[in-house]
Structures are given as structure tokens and as C-alpha cells.
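Since every read-out is calculated from the coordinates, none of them should be taken as a lab result. Just so it is clear, the model here is predicted, and its values are computed rather than measured. Cβ coordinates were reconstructed from backbone atoms using ideal geometry, including for glycine residues, and neighbour counts include every protein chain displayed.
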């Protein structure tokens, strides 16, 4: 009977250690996923803002260049604004078929890594 109590006590200790180890492992896995997501978001934001600057300066340069071609700086900037407006209209019209699924798939893939 004492031997059975001894084995039960050892089993209880082993189960307790297993649960504690599983809990610690779960915390580590969650922390790893969270840091991966935060790092991905931060790098994506950096690329986004750098892309905004590239678009801004290339738009200004294109506006100046087109203004020299058509002999009117205002018309050059208006042409660039028209190009940007056309891009916005295309993105808005395709957002449900292309943009949203692409963003959703990126988020899902990041969560499953």
C-alpha cells in the first residue's frame, strides 16, 4: 500500500511538473509569435513610410519634368495628380478582389509562422 502511495505521489509530482513545463512552453511560444508579429509590423511600417517618401519625391520630379515638356509647371503637377488619381481609382475598385485578400493572407501567414 505504501508503495502505491509512493508511486501515486511521484506521478502527481510528474504531472505537476509536466503542467508547469507546458505552461512555460506556451508562454514562450506566444511571446515568440507576438515579437515576430510586432517586428513584422514595424518593418512594414518603415517600408511603407519610405515608400511614401519615394512616391512624394518621384511625383515632384515627374511633375517638374512634365511641366518642362508642356511648358507649364501647373499642368505638369496636374498630370501627376491625375496619374495618382487613376491609381487610387484602380486600387479602390479592386480592393475586394486583390488588396483585401493580399493583406488578409499576409496576416494569416504571419500568424501561422
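Tilt of helix 100-112 relative to the longest C-alpha principal axis of the chain, in degrees (0 to 90, nearest 10)? Compared with the principal axis, the helix lies near 30 degrees. When each of the peptides 62-72, 14-24 is scored by how many other beta carbons lie within 10 Å of its residues on average, the order from highest to lowest is 62-72, 14-24. Sorting the segments 33-42, 88-97 by their residues' average number of neighbouring beta-carbon atoms within 10 angstrom, most packed first, yields 33-42, 88-97. Between residue 102 and residue 16, the simple spin-label model (points 7 angstrom out along Cα→Cβ) gives 5.6 nm. Inter-label distance, residue 50 to residue 92: 3.0 nm, where each label sits 7 Å from its Cα along the C-beta direction. P(r) tail for the stretch 2-112: Cα pairs beyond 18 Å make up 74% of the total.
Under 14 Å from a label point 7 Å along Cα→Cβ of residue 70: give me every residue in the stretch 78-111 with its amide N that close. Only 78-86 fall inside the zone, counting backbone N under 14 Å. Where does helix 73-93 land angle-wise versus the long Cα axis of the chain, in degrees 0 to 90, nearest 10? Between helix and principal axis, roughly 40 degrees. For the Cα atoms of the chain, what angle does the longest principal axis make with the long axis of helix 2-70, in degrees from 0 to 90, nearest 10? With rounding to tens, the tilt is 0 degrees.
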